[in-house]
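Worksheet: the structure to be examined is printed underneath.
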Amino acid sequence: MNNPKRSIFENVFSLLSKHNWDKYFAGFDPQTKWVCHGEHPFTGNYNGLQEIKQGYSRYIHLFQSTPQFKLRNLMVEGNKAIAHFYHEGTRKDGKPFTMDQWLVVELGNDGKKILMVDDYVDAHKLSELCKVTEHHQKRTA
């Protein structure tokens, strides 16, 4: 059975995997609210696309090059979905980095663009990545 909502989510998340940033962010409502849960340097509320883009940029700059975002699983029910991503990249100190991420997302009233995101990651791994990057930047400055 063809699920049009599933197709919307799959299309948006495939753009993230391809690093097609402009088209990826076009899949979000300009008023999107993104909440990063946990105890790590990215914890907090990101309101609107500008803040969300800044959060992504900050995260990407923790790596030697843009990490890979691999969609592992997608569960869709109506206008809501849970997306499980696996991140792979190389830290600033040259060591490999991997992390799981779960996004609980909801489409807006138009049923076409993502309006709400709850973001869950391994807080310990993300905190360690931030510490390594900060230490590396101090050493190379």
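The values are calculated or read from the model by the stated rules, or taken from the named source; none is laboratory data. Just so you know, these numbers come straight off a predicted model, no measurement behind them. Counting neighbours? That spans all protein chains shown, and the Cβs are built from the backbone with ideal geometry, glycine included.
Summary of computed values
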{"quantity": "Selection from the range 99-125 of residues that are hydrophobic (A, V, I, L, M, F, W, C), at pLDDT 95 or above and farther than 25 Å from Pro4 by Cβ", "calculated": "Met99, Val121"}
{"quantity": "Residue in the range 24-46 that is under 21 Å from Asp118 (Cβ atoms), surrounded by fewer than 16 Cβ atoms within 10 Å (Cβ to Cβ) and either in contact with a His (Cβ under 8 Å, 6 or more places away or on another chain) or hydroxyl-bearing (Ser, Thr, Tyr) (or both) present", "calculated": "yes"}
{"quantity": "Residue check for Thr90: closer than 17 Å to Lys125 by Cα, of a type in the set (Ser, Thr, Tyr) and over 14 Å from the mean Cα position of the chain (by Cα)", "calculated": "yes"}
{"quantity": "Members of the range 21-52 found to be within 23 Å of Met99 (Cα to Cα), among the charged types (D, E, K, R) and touching a strand residue (DSSP E or B) at 6+ places or on another chain (Cβ under 9 Å), listed by number", "calculated": "Lys33, Glu51"}
{"quantity": "Tally of residues being of a type in the set (Ser, Thr, Tyr) and more than 15 Å from Ile114 (Cβ to Cβ) across the range 1-23", "calculated": "1"}
{"quantity": "Residue list for the range 36-55, restricted to those being polar (S, T, N, Q) and in contact with a helix residue (DSSP H, G or I) (Cβ under 9 Å, 6 or more places away or on another chain)", "calculated": "Thr43, Asn45"}
{"quantity": "Among residues of the range 18-60, those that are more than 20 Å from Asp110 (Cα to Cα), more than 13 Å from the chain's Cα centre (by Cα) and in contact (Cβ under 8 Å) with a residue 24 or more places away in the chain, counted", "calculated": "4"}
{"quantity": "Residue match in the range 98-112 (condition: assigned to a loop (DSSP other than H, G, I, E, B), under 17 Å from the mean Cα position of the chain (by Cα) and surrounded by 15 or more Cβ atoms within 10 Å (Cβ to Cβ))", "calculated": "no"}
{"quantity": "Residues (hydroxyl-bearing (Ser, Thr, Tyr) and either in contact with a Gly (Cβ under 6 Å, 6 or more places away or on another chain) or more than 18 Å from Lys131 (Cα to Cα) (or both)) located in the range 26-52", "calculated": "Thr32, Tyr46"}
{"quantity": "Ser127 being more than 17 Å from Ser17 (Cα to Cα) and polar (S, T, N, Q)", "calculated": "yes"}
{"quantity": "Residue within the range 82-97 that is in a loop (DSSP other than H, G, I, E, B), surrounded by 15 or more Cβ atoms within 10 Å (Cβ to Cβ) and not basic (Lys, Arg) present", "calculated": "no"}
